[in-house]
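Trainee: Below you will find the structure I want to go over with you.
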Amino acid sequence: MKTIKNWLLKHQNKLTLVNTGILLLLAVINFYFIFELLPTSNDECLWLQKKDSEGGKIYFDFVKFEGVAWQAGIRDGDYLIAINDKKLSSPMDGMIVINSIKRGEYATYTVERDGQILTKHVKIKKLLNFQGIGVILLSSIWLIVGTLVLLGKKEGITQKMFYRIGAYFSLASLFYLMWGTPQQNPTFTLPYLRLVIDITWSIGACFLPFVWLKFFLTFPKESALMKYKYTSRILSITPLVVLVYTLVVRIGFIYFDPNSKVNYVSYISTPLTTLIIYSMVSGLVILFINYLKIESKKERNSIFVILIGYAIGVATIIYIITVTANSTIDTLFNSPEYFTPIILIPIIPISFAYAIFKYSLMDMSDVFKNTIFYGTATISIAASYFIILYLIGFGISSAIGTQYQGLIAGVIFILFALVFQSSKDKFQELITQKFYPEQFAFRKVLLKFSNEISSVVGLDNILNFTNKTYVESLKLKHFGILLWEEENQIYDYRSGWGFNNTQFRLNCINKGVLKILKEKEKILSLPVIERCEFEAVFPLNYAELVAENIYTIIPLQIKGKIIGLLLFGLKYSGAQFSGKDLELLVAASNQTAVSIENARLYNLELENIKLEKELENARKIQESLLPKKIPFTKNLDIAGKMIPAMHVGGDYFDVIKVSDSKTFIIVGDVSGKGLSASFYMSKLQTMMRLFCAENKTPKEILIEVNRIIFDNIDRHSFITISLALFDTDSKTVNICRAGHPPVLVVNNCSSVYYQTLGIGVGLEKGKVFDSTLEELVVPMNKDDIFVFFSDGVSEAMNENMDLFGFDNLKNTVVLHSSETANNIQNAIIGSIAFFRNNALQNDDITIVCVKITE
């Protein structure tokens with residue numbers, strides 16, 4: 001279903017043209033019926049039949065003075081015996097005979113007067129159905145104007161309703177194909193075709209009045225009635241109910257009852273015609289009320305034109321109804337001129353066409369004007385070139401003979417194609433400059449803008465240049481540039497003109513902008529969001545957009561991503577952007593998007609350069625914090641190394657010797673990276689070197705460090721630490737762990753992980769930290785190996801996302817336990833590298849190995 005819908009939207013313009021073509025062809029057929037097949041013959045008098053008691057004779061009455069019957073010598077009271085020697089039994093027999101006679105030909109009447117039989121030659125006139133002519137003209141003109149309107153803005157709701165009025169009027173006018181007698185109208189011999197025509201015109205007549213009302217309830221301003229949720233629903237459902245009624249009447253009283261005496265016109269056409277007339281009168285009243293509410297002088301002028309044309313059309317209809325109701329049957333035959341004003345009703349769509357052309361209503365200025373002027377220019381140039389080249393070809397052929405006529409024709413055709421295209425473009429450009437100076441200037445400014453925007457450097461400069469172009473050069477009263485903020489998921493106002501709220505923002509819901517652009521892309525429509533689509537795309541900000549007088553939004557797109565929006569009010573002339581103007585705006589917006597994205601990338605590159613410098617400084621700070629040389633401690637073989645995952649890591653280790661027999665080993669991991677992590681590492685090193693003393697235990701030191709760090713660290717950061725005191729005199733190791741990975745101890749192929757309690761430094765001021773911190777005293781034996789490490793060791797990952805883990809670490813240390821601390825440390829690093837294979841290092845790796853030698 002969705003595929004079919006997308007196909008219909010994609011080919012909407014072609015389908016509209018095909019539909020219009022079919023309806024106009026039906027209008028031509030309708031005109032042919034009215035002018036050629038269905039005119040009623042008229043001899044400018046009435047035939048009346050006496051009662052049976054008086055012999056049932058047909059006599060003449062209301063013979064028009066100096067009419068064709070009068071001129072033939074017929075007078076009131078004469079009896080009509082026969083026409084063209086065919087004896088008549090009823091007036092209908094006579095109508096059948098004279099209807100077969102062409103306009104201007106003579107019929108021979110056999111007349112009885114005072115007992116004498118006379119022969120009279122009467123010239124036959126034809127009565128045209130002026131009502132049908134007026135309605136068909138109205139529907140055809142409205143359909144043509146509606147087609148131009150819809151082609152100009154196929155997604156516009158008002159434009160669609162305007163076109164539907166023309167389409168439904170065209171269908172309703174097919175009613176006139178069913179007029180006339182069986183002898184005149186060929187559809188009487190094709191019952192199934194007549195059935196299709198009957199249902200088709202009824203569909204148009206049932207839907208027309210309600211679409212008409214809905215259009216004028218939304219044009220030129222939406223009526224308060226349309227704000228009620230049931231109004232639109234009633235206007236959509238009611239025509240279906242009326243259509244069902246007409247079908248039920250047909251089925252019950254006409255189609256399946258050939259002997260039915262029900263008057264078809266009374267049951268079907270008269271109610272529907274009345275409904276259409278009432279809707280037209282109601283539309284006029286609604287339009288007049290809306291006109292009184294319009295404040296803009298220009299808009300009032302445009303609607304005034306329509307109002308006058310509409311009023312004339314409705315007045316004509318009321319006049320015809322009045323004449324019909326108060327006239328006798330002789331008026332139709334003897335004074336048909338009373339009914340001719342009905343052909344004035346096409347003034348309604350003509351007034352619309354004029355207003356659209358003159359005042360650019362319904363965003364149709366470009367399409368309507370260009371269709372007329374450019375089409376005329378193209379045809380004129382083509383005709384001129386064709387005549388000139390034909391004369392040239394004729395002259396050459398005459399001079400050199402006809403044997404090369406084909407070659408000459410080919411050369412002339414190529415010459416025509418080349419010269420015609422260039423001349424046509426120049427001529428059209430001249431027309432644009434002469435007749436549409438605003439449009440010409442608009443295009444010139446945008447083309448210049450598109451060429452220059454790419455050379456502007458810096459986001460602020462780009463925004464200022466864009467704003468200046470649209471506001472100063474194009475004289476827009478309302479314009480805005482909004483850029484996308486990923487963090488807040490909004491389009492934020494960055495520059496513009498005419499906005500009451502400079503803090504303006506558009507909330508993005510369910511990626512509404514991207515969705516509508518994808519739908520437009522499927523149907524090959526311009527990536528433009530019109531005012532009629534604002535409520536669907538920006539439901540939270542629809543009222544604000546309207547209040548800021550925004551009519552058109554063009555997204556700034558690059559590589560399928562929306563990086564911002566350009567918001568436009570009306571043009572300087574007061575018209576909404578449409579047609580070629582929109583194409584140029586889209587092209588210019590694409591250039592703007594590229595420039596903004598380049599500026600963003602340029603700023604990003606600057607940020608990267610700054611970051612590189614920051615990382616370099618942080619790396620230098622970090623290197624300065626790590627011990628340049630491991631201090632010698634009797635009976636201890638110590639090795640330490642830190643390998644950052646990036647330029648700068650968050651890990652830290654230190655070896656602090658406080659006496660000949662006591663040495664502190666510290667391994668820490670600061671959350672975060674970069675300068676901030678280096679800053680906290682620097683503070684940590686300073687405090688560790690300050691608090692690590694011969695008379696202090698690891699737990700006491702960590703409590704003091706936490707108390708100071710908590711007041712100086714941001715709430716999103718913390719530090720994990722393993723702190724151990726090696727005492728070679730007492731042969732003990734005091735281990736304290738503040739949220740850090742456990743300490744591995746290996747001796748004679750046996751191993752154990754010590755994981756004391758404790759939370760990270762900086763997470764809590766003191767009460768919880770102090771109560772949970774645990775210090776463990778471990779005996780120190782010869783060949784014991786103590787391994788302090790960060791989580792970058794145990795959590796190193798390979799390509800399959802497997803962790804190196806504690807077991808691999810333990811097995812590596814056990815395997816190399818007979819070697820020096822430095823070799824054990826290198827073996828661990830090599831084992832991790834082999835495990836990772838081609839996978840990147842995902843975290844800093846820090847290892848400090850301490851081997852007891854005595």
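The values are calculated or read from the model by the stated rules, or taken from the named source; none is laboratory data. This one's a predicted model, so the numbers in the text were calculated from it and none came from an experiment. Heads up, the Cβs are rebuilt from the backbone with ideal geometry, glycines too, and the neighbour counts pull from every protein chain shown. What goes into the accessible areas is simple: the full protein's heavy atoms, side chains included, and nothing from ligands, DNA or RNA. Shrake-Rupley method; radii C 1.70, N 1.55, O 1.52, S 1.80 Å.
Trainee: Name the single residue, out of those in region 183-225 being in a loop (DSSP other than H, G, I, E, B) and closer than 24 Å to I96 by Cα, that is least open to solvent (accessible area, probe 1.4 Å). It would help to see each step written out before you state the result.
Mentor: Residues of region 183-225 in a loop (DSSP other than H, G, I, E, B): 183-185, 190, 219-223.
Restricting the remaining residues to those that are closer than 24 Å to I96 by Cα gives 183-185, 190.
Details: Q183: 119, Q184: 27, N185: 1, L190: 91 Å².
That would be N185.
Trainee: Quick one: in region 706-725, of everything that is outside any loop (DSSP other than H, G, I, E, B) and open to solvent by 10 Å² or more (accessible area, probe 1.4 Å), which residue is farthest from S661 (Cα to Cα)?
Mentor: F710
Trainee: Find all pairs meeting these conditions: Cβ atoms under 6 angstrom apart; at least six residues apart or on different chains; first residue within region 8-30 and within 14 Å of K522 (Cβ to Cβ) and free of Cβ contacts under 8 Å to residues at least 60 places away in the same chain; second residue outside any loop (DSSP other than H, G, I, E, B) and open to solvent by less than 50 Å² (accessible area, probe 1.4 Å).
Mentor: none
Trainee: In region 1-117, which helices (runs of 4 or more DSSP H) lie fully inside it and hold 3 or more residues that are touching a helix residue (DSSP H, G or I) at 6+ places or on another chain (Cβ under 8 Å) and not polar (S, T, N, Q)?
Mentor: Filter on region 1-117 gives 2-10, 12-32.
Trainee: Of all the residues that make up region 475-495, how many are under 24 Å from F577 (Cα atoms) and open to solvent by less than 20 Å² (accessible area, probe 1.4 Å)?
Mentor: 8
Trainee: So is I317 modelled with pLDDT of 80 or more, open to solvent by less than 40 Å² (accessible area, probe 1.4 Å) and β-branched (V, I, T) or not?
Mentor: Numbers: modelled with pLDDT of 80 or more: yes; open to solvent by less than 40 Å² (accessible area, probe 1.4 Å): yes; β-branched (V, I, T): yes.
It is true that I317 is modelled with pLDDT of 80 or more, open to solvent by less than 40 Å² (accessible area, probe 1.4 Å) and β-branched (V, I, T).
Trainee: Additional query: Condition test on V761, is it at pLDDT 90 or above and touching a Cys at 6+ places or on another chain (Cβ under 6 Å)?
Mentor: Details: at pLDDT 90 or above: yes; touching a Cys at 6+ places or on another chain (Cβ under 6 Å): no.
Here the answer is no, as V761 does not meet what is asked.
Trainee: Can I ask one more? Within region 812-830, which residues are part of a helix (DSSP H, G or I), of a type in the set (S, T, N, Q), in contact (Cβ under 8 Å) with a residue 60 or more places away in the chain and open to solvent by 30 Å² or more (accessible area, probe 1.4 Å)?
Mentor: Of everything in region 812-830, just one residue is part of a helix (DSSP H, G or I), of a type in the set (S, T, N, Q), in contact (Cβ under 8 Å) with a residue 60 or more places away in the chain and open to solvent by 30 Å² or more (accessible area, probe 1.4 Å), namely N822.
Trainee: Considering each of L763, L776, L809 in turn, give the residue that is open to solvent by 10 Å² or more (accessible area, probe 1.4 Å) and not in a strand (DSSP E or B).
Mentor: L763
Trainee: Identify all residues within region 538-579 that are modelled with pLDDT of 85 or more, open to solvent by less than 10 Å² (accessible area, probe 1.4 Å), in contact with a strand residue (DSSP E or B) (Cβ under 6 Å, 6 or more places away or on another chain) and part of a loop (DSSP other than H, G, I, E, B); write none if there are none.
Mentor: Correct list: F538, N541, I550.
Trainee: To continue, here is another question. Examine region 523-536 for a residue that is among the hydrophobic types (A, V, I, L, M, F, W, C), at pLDDT 80 or above and assigned to a helix (DSSP H, G or I), and state whether such a residue exists.
Mentor: yes
Trainee: Let me ask something additional. Can you work out which of the residues in region 806-841 that are closer than 18 Å to D783 by Cα and small (G, A, S) is nearest to the chain's Cα centre (by Cα)?
Mentor: A827
Trainee: Also, I was wondering about something else. Would you be able to say whether some residue in region 739-754 is touching a strand residue (DSSP E or B) at 6+ places or on another chain (Cβ under 7 Å) and more than 26 Å from V814 (Cβ to Cβ)?
Mentor: Checked against the condition, which is being touching a strand residue (DSSP E or B) at 6+ places or on another chain (Cβ under 7 Å) and more than 26 Å from V814 (Cβ to Cβ), region 739-754 yields at least one hit.
Trainee: Ok, one more. Taking into account only those residues within region 496-518 that are at positive phi and in a loop (DSSP other than H, G, I, E, B), which is modelled with the highest pLDDT?
Mentor: Only one residue tops the list, namely G498.
Trainee: Continuing with this model, one more query. Of the residues N541, N590, which is out of contact with any helix residue (DSSP H, G or I) (no Cβ under 7 Å at 6 or more places or on another chain) and closer than 26 Å to K227 by Cα?
Mentor: That would be N541, the only listed residue that is out of contact with any helix residue (DSSP H, G or I) (no Cβ under 7 Å at 6 or more places or on another chain) and closer than 26 Å to K227 by Cα.
Trainee: Show the residue pairs meeting these rules: Cβ distance below 7 Å; 6+ apart or different chains; first residue within region 831-843 and closer than 19 Å to D669 by Cα; second residue open to solvent by 30 Å² or more (accessible area, probe 1.4 Å) and hydrophobic (A, V, I, L, M, F, W, C).
Mentor: So the pair list comes out as Q841/A645; N842/A645; N842/M797; D843/A645.
Trainee: T158 passes all but one of (1) in contact with a helix residue (DSSP H, G or I) (Cβ under 9 Å, 6 or more places away or on another chain); (2) closer than 30 Å to L80 by Cα; which number fails?
Mentor: For T158, the failing item is (2).
Quick grid of which residues meet (1) surrounded by fewer than 19 Cβ atoms within 10 Å (Cβ to Cβ); (2) among the small types (G, A, S):
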site	(1), (2)
I4	yes, no
G21	yes, yes
F35	yes, no
G56	yes, yes
A69	no, yes
I83	no, no
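Trainee: If V586 meets every condition in (1) open to solvent by 20 Å² or more (accessible area, probe 1.4 Å); (2) assigned to a helix (DSSP H, G or I); (3) under 25 Å from S450 (Cβ atoms) apart from one, which number is that one?
Mentor: Condition (1) is where V586 drops out.
Trainee: Assuming S170 fulfils every condition listed in (1) of a type in the set (S, T, Y); (2) closer than 25 Å to I321 by Cα; (3) at pLDDT below 90; (4) buried (at least 19 other Cβ atoms within 10 Å of the Cβ) apart from one, which condition is it?
Mentor: (3)
Trainee: Conditions first: (1) assigned to a helix (DSSP H, G or I); (2) open to solvent by less than 50 Å² (accessible area, probe 1.4 Å); (3) more than 19 Å from M280 (Cβ to Cβ). I136 passes all but one, so which condition is the exception?
Mentor: Checking I136 against (1) assigned to a helix (DSSP H, G or I); (2) open to solvent by less than 50 Å² (accessible area, probe 1.4 Å); (3) more than 19 Å from M280 (Cβ to Cβ), the one that fails is (3).
Trainee: Which of the residues spanning region 831-841 are modelled with pLDDT under 90 and open to solvent by less than 70 Å² (accessible area, probe 1.4 Å)?
Mentor: A839, Q841 - these are the residues of region 831-841 that are modelled with pLDDT under 90 and open to solvent by less than 70 Å² (accessible area, probe 1.4 Å).
Trainee: Of all the residues that make up region 294-307, how many are modelled with pLDDT of 85 or more and either open to solvent by 80 Å² or more (accessible area, probe 1.4 Å) or in contact with a Lys or Arg (Cβ under 8 Å, 6 or more places away or on another chain) (or both)?
Mentor: Counting residues in region 294-307 that are modelled with pLDDT of 85 or more and either open to solvent by 80 Å² or more (accessible area, probe 1.4 Å) or in contact with a Lys or Arg (Cβ under 8 Å, 6 or more places away or on another chain) (or both) gives 2.
Trainee: Moving to a separate point now. Just give me the residues in region 518-542 being of a type in the set (A, V, I, L, M) and closer than 19 Å to T158 by Cα, in sequence order.
Mentor: So the first thing to find is which residues in region 518-542 are of a type in the set (A, V, I, L, M), and the list is 523-524, 526, 528-529, 536-537, 540.
Passing the criteria: L526, V528, I529, A536, V537.
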